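Derivation of every value follows stated rules applied to the coordinates shown; laboratory data play no part. All figures in this text were calculated on a predicted structure; none of them were measured in a lab. Cβ sites come from the backbone with ideal geometry, for glycine too, and all protein chains shown count toward neighbours.
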Amino acid sequence: METHEITLPSAADLPRGVKVVSVLVYVGVIVATLIAFRAFEPHPPHILAQVLLGALWGVPAALIVLALGFVYADARLRGMNAMAWTILVALLIPGAIGFVLYVLYRRPLQAGCLQCRTAVRETANYCPQCGAVVKPTCPSCRLPRRAGDRFCPSCGTALD
C-alpha cells in the first residue's frame with residue numbers, strides 16, 4: 001500500500017475560533033481607533049480617515065492571529081506539541097522570530113493512512129488507529145521495503 005503526505009493546513013483547517021478571533025481583532029482595532037481619536041484628539045480627522053486608519057492597523061493584528069492559528073494547525077499535523085509552539089511563537093512575535101524558529105525546527109509532515117486518514121509517524125510500518133499497512137515490510141526480516149521490490153533489499157528473501 002502506498003503512503004501519501006498530508007497537505008499543509010489551509011484556511012479550512014484553521015480552527016473556527018481562530019477565524020472568529022481574527023475578525024473580532026480586526027473590528028476591535030477599528031473601533032479602538034475611533035474611540036482613541038474621540039478621546040485624545042481635540043480636532044479628530046474626518047470619520048472616514050479614522051476608519052481607514054483603523055482598518056490599516058487592523059490588518060497586521062488580524063494576520064498575527066491567523067499566523068498563530070496556522071502554527072497551531074500545522075504543528076498538530078506534524079505530531080508536535082501544538083499549544084507549546086503556538087505560545088512560543090506568540091511570545092516571540094516581534095520581528096517574527098518565533099515564526100522563523102517554528103519553520104526551522106518543525107518536524108517533517110507525517111504520512112497518512114490511506115484507509116482511515118490518521119497521521120502516522122515516519123518510522124511506523126502500520127497505522128496505529130486501524131492497523132493497515134502504511135509501509136510494506138519483508139515477511140522474513142520485517143524491515144521496510146519499497147512497493148514493487150521483487151527481493152528484500154536487506155535479507156534477499158523473494159517477495160510476492
Segment 63-148 -> Rg/Rh from Cα coords, Kirkwood Rh, value 1.15
Quick check on the exposure proxy: order Cys152, Cys141 from fewest to most C-beta atoms within 10 angstrom.
Cys141, Cys152
Need one number: nm distance between label points at Cys155 and Thr118, each 7 Å from Cα along Cα→Cβ, rounded to one decimal.
2.6 nm
Determine one quarter of the surface area of the Cα convex hull of the chain, which equals its mean projected area, and express it in nm² to one decimal.
12.8 nm²
What distance in nm separates the two pseudo spin-label positions at Leu63 and Gln129, each 7 Å out from Cα along the beta-carbon direction?
3.4 nm
What does the highest-first list of 130-139, 15-24, 40-49 look like by mean Cβ count within 10 Å?
130-139, 15-24, 40-49
Rounded to whole Hz, the Karplus (6.51, -1.76, 1.60) HN-Hα couplings of segment 73-81, x for glycine and proline:
5, 5, 5, 4, 4, 8, x, 9, 6
What FRET efficiency would be calculated for the residue pair Leu52, Met83, taking the C-beta separation as r and a Förster radius of 35 Å, to the nearest 0.05?
0.45
Helical contribution to [θ] at 222 nm, DSSP H n ≥ 4, -39,500 (n - 2.57), averaged over the chain, rounded to 500
-16000 deg cm²/dmol
